[in-house]
Structures are given as structure tokens and as C-alpha cells.
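The structure appears below as C-alpha cells.
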Amino acid sequence: MNNSLQSLTKYPSLSSVLAIFTILLVSIFSVNSANAHRGAKGEGDACRIYVGTEVVHFSAYTPTFTKGESYCEAIPNIGLTHIVIDYEGKKLRGSTVEFEITKEPEGTRIFYQKPEKIKTGSMDAKVDFSQFGAGEYLTHVTIVNQGEKLDSHLPFTVGIEIDEDNIPYKLIIPIILVIISLIAMNIVVNKKEKEKQASRADDTH
């Protein structure tokens, strides 16, 4: 009897398996969601660019494809894109700021906003990425103050599927296969245990 109990404890019950599966799914999608919005080290929002102590907010819109939906580090469609840079706070409005977008790794400039003071705190640029193709790009933000330059960068992609987004779906299939195997083993073990119990019952009569 002890051996039978030990064999049963080697395999989780169906309810335990389903509970573990649910926890794994929640964990995977939580991590993926966090990665989707992750910025540079120390930043919680991929849309925010820290330039010294100041912050600007980067947004990209592709109205032809996705209407009012905004993107930061991954723009899915290649075409006319509205790039919006917003200042967080009013301090930058009195500073001279320079914006540039380059295609990487070549470093080819595809957009340039000369250094100027943007009193409104917001800049809107239209870039047709179909002229430059899918790939990796880099936004450069430079503050010019009393001859001193302070710059920062925000990498983003256009027309490229991010592998991180597919990780949960790649993991789900093997997890399901493992669960099916555990359930099958659980059924076999339970069946054998019932057969043993029935055999013992017959022996006692």
C-alpha cells in the first residue's frame, strides 16, 4: 500500500496540473507585457526619453493603418508615420532642442529638426518610412544650453516583428504537451492502483 501511495504522489492530480498551468500562463504574459513597455535601464516607460533631468515623451502614429493607436519602440507598419515629441514639464520650453532620426546601423539621417526653442512644448514630424524600409531606427534628442550639449537616444523598429512578443506562444505548446503527458500518466497510475485494490479485494474473499 505504501508503494502505491508513493507512486501516486509522484504525479500531480489534474486540478494541481491545471493550477500550475494557469500560474505559468499568468507569469508568462505578465513578463511579456512588462517587456513590451520596457525602456532603457532604469526607465519604466519605453515612450519616455530622459535628457539629463528632463523628460520628453515619444509617440508614433500610423493613421493609415491603425488610426489613433500610438507606438514607441516598435512601429508595426511601414508607411507615413506621425512622430510626436512632447515635453514633460515647462523647463525645456526655454531651452534649444535638436531632434534627429537615423536608420541603424548605418546611421543615415532620415529626419532632422534644427536646434530651436519650441515654446509649445510639442513637436510633430511626418516621416514616410516606406522610403527607407523596415529596420532599426534611433531617435536623437539634444539639448543645447549655453554652448553645452546634452543628448539622449531612443531606439525603435519599423516593420519588424519583435521576437519577445512570440515567446509566450512558443512556450504554450510545450507546456500543453507536458500537461497532457502528466494527465495521461496520472490516469494510468490511477487505473493501475484501482486494479491492485480490486485484486486485493478479490484475494480477501
Problem set entry | Ser181 in a helix (DSSP H, G or I) and at pLDDT 90 or above | no
For this session: Please find, within segment 129-154, the residue that is farthest from Thr81 (Cα to Cα) out of those that are surrounded by fewer than 12 Cβ atoms within 10 Å (Cβ to Cβ) and among the charged types (D, E, K, R).
Result: Glu148
Problem set entry | Scope segment 54-77; condition closer than 12 Å to Leu154 by Cα, touching a residue at least 40 places away in the same chain (Cβ under 8 Å) and assigned to a strand (DSSP E or B); matching residues | Val56, Phe58, Ala74
Problem set entry | Qualifying residue in segment 18-28 (condition: more than 30 Å from Val144 (Cα to Cα), modelled with pLDDT under 55 and surrounded by 14 or more Cβ atoms within 10 Å (Cβ to Cβ)) | yes
Problem set entry | Hits in segment 179-193 - residues which are among the β-branched types (Val, Ile, Thr) and loosely packed, with under 13 Cβ neighbours inside 10 Å | Ile180, Ile187, Val188
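The values are calculated or read from the model by the stated rules, or taken from the named source; none is laboratory data. What you see is a predicted model; the values in this text were computed from it and never measured. All Cβ positions, even for glycine, are placed from backbone atoms using ideal geometry, and neighbour counts span all protein chains on display.
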